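Only the coordinates and a few stated rules stand behind these numbers; no lab work does. The structure displayed is predicted, hence computed values, not measured ones. Positions of Cβ are backbone-derived with ideal geometry, glycine not excepted, and every protein chain shown enters the neighbour counts.
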Amino acid sequence: MAYWLANQGYHVTVVEQASGPRLGGAAINIQGDALASAKQMGIFEQLKAHRLPPMQLEFKTADDITLNPPSLPEETATPSDDNIEEVEIERDKLVTILLDALPNGVDFLFNDRITGLNETADAVHVTFKQGAGRAFDLVFGCDGLHSGVRQLWFGPESEYAYFLKHYASLTIVNRLLLAQDTGQLYNTPGKGVLLNAYNGKTDIIFWFYSENELPYDYRDTAQQREIVLQQFAGQGWRTDELLAEVKEAGVSYFDKFSQIKMPSWTKGRVALVGDAGYCASPAAGVGASLAMAGAAAVAEALATHDGNFDAAFQEYNHTLRPFIEEVQATAAMMLNTFFVPKTEEAICERNAQGIPF
Ligand SMILES: Cc1cc2nc3c(=O)[nH]c(=O)nc-3n(C[C@H](O)[C@H](O)[C@H](O)COP(=O)(O)OP(=O)(O)OC[C@H]3O[C@@H](n4cnc5c(N)ncnc54)[C@H](O)[C@@H]3O)c2cc1C
């Protein structure tokens, strides 16, 4: 968002509650409109340079039998840029590439957050946790699933968040626990363990169903680790060994699967972009793509309407919505049917059918 606004001549201030750019996270996927906007931003070559090879996904039984032995990779010619439909990249790399693409003059306020918003006829007056308040033409809430801007300007998270009755944790270990560029998925009813190996590292992802929301402190990673250890104790396959890794390394990401559904992502001079406005949950596998595509869409609308934010925000709400609704519906279906089937029969069916990525 900062990139597009700065290139349209806005003086941009980014407010980030962390002490610096937030790195970490699993390998993520850039596709569709996000890839098209990456090309417009001139970062496609860099994304391509850090592109991870395609992953072979295997389904595992409790006895470590592979149910779908991977086929040998087909001998294909190197795809031309026009044929590349998606780029899988480590989240760290993507964040660094995006930061490097920013033009000069973008200000960052780290260790800070917005505490108040007040709109007048020609500005939004913003107060901060640190430092003096300031007036801005526009405010974009790009602050994720638990957005503070949404909370302040549109109302509590509970009005917009739909709990998908699953949780996930991520632990990244700096060595290979399976063959490089391989994924393995093991399920018991209502639970799943996914391993992804790339660049000498392994992502360990635990998914589980929970009818009710679990009480925990989102800042307390030790408590989150305990939840994962309890949920997966004695679940078979390699879970004991993997839980030992979690015990040692902790969890770098733990959250419920939620989707944000709002009748409008804008109000007055304030707009929400990415997870803040339309999180589809990690089950969609396209959170970063939605954020990038959303930023490009709202920026393009501002350019088309020559800075008339009312008209631009209307267009943004209108044009992006069908796509978001489709992605959210697919994510909920994928989670229940393919990633975390709820019965032994459903697991067998999924294993026979494969996962339609
Ligand atoms: C460290 C990290 C690791 C992640 N790992 C995974 C993963 O492994 N798999 C997956 O599917 N998804 C992961 N995600 C989520 C995924 O990256 C997002 O779906 C996607 O990036 C959407 O981007 P976004 O910009 O809308 O929100 P986010 O990427 O969540 O970025 C929001 C930013 O806003 C900051 N912020 C939040 N609240 C405030 C506030 N009140 N004031 C100021 N700043 C605030 C956050 O610190 C963060 O930097 C991760 C996100 C983060 C931040």
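So what's the net charge close to THR66: Lys and Arg +1, Asp and Glu -1, counting the other residues with Cβ under 12 Å from its Cβ? Summing Lys and Arg as +1 and Asp and Glu as -1 gives -2.
Under 5 Å between amide hydrogens, built in the peptide plane, is the criterion, and for TYR253 it picks out LEU170 among residues at least 5 positions away or on other chains. Quick one: angle between helix 221-232 and the longest Cα principal axis of the chain, in degrees between 0 and 90, rounded to 10, please. For helix 221-232, the angle is close to 40 degrees.
Counting only lysines at least 8 places from LYS191 when in the same chain, those with an alpha carbon closer than 22 Å to its own are LYS60, LYS165, LYS247, LYS256, LYS342.
For region 184-235, the square roots of the Cα gyration tensor eigenvalues, ordered a ≥ b ≥ c, give a/c of at least 1.5 with a/b no greater than b/c, which places it in the oblate category. Of the residues TYR218, LEU176, PHE257, the one whose Cα sits farthest toward the positive end of the charge dipole of region 132-259, with +1 on the Cβ of Lys and Arg and -1 on the Cβ of Asp and Glu, is LEU176.
Centroid-to-centroid, using Cα positions, region 110-166 and region 208-236 are 29 Å apart. Remark: region 250-259, residue by residue, has Karplus-estimated 3J(HN,Hα) of x, 10, 8, 8, 8, 7, 6, 7, 10, 10 Hz, where x stands for each Gly or Pro and the curve is 6.51 cos²θ - 1.76 cosθ + 1.60 at θ = phi - 60°. How would the chain be classified by its alpha-carbon gyration tensor: rounded, prolate or oblate, with rounded meaning a/c under 1.5 and the a/b versus b/c comparison settling the rest? The shape class here is prolate. Charges were assigned to the Cβ only: +1 to each Lys and Arg, -1 to each Asp and Glu. The resulting dipole of the chain about its Cα centre is roughly 660 debye.
A straight Cα-to-Cα reach below 19 Å connects LYS129 with the aspartates and glutamates GLU16, ASP107, ASP112, GLU119, ASP143, residues fewer than 8 places away in its own chain not being considered.
Karplus-derived 3J(HN,Hα) values for region 187-192, using 6.51 cos²θ - 1.76 cosθ + 1.60 with θ = phi - 60°, are 10, 10, x, x, 9, x Hz; glycine and proline are entered as x. For the chain, the longest principal axis of the C-alpha atoms and the axis of helix 309-334 are separated by about 10°. Label-to-label distance for GLN130 and ASP107 is 1.3 nm, based on points extended 7 Å past Cα in the beta-carbon direction.
Along Cα→Cβ, 7 Å out, is where each label goes; now give me the distance between the ones at THR61 and ASN308 in nm to one decimal. Once both label points are built, they end up 6.6 nm from each other.
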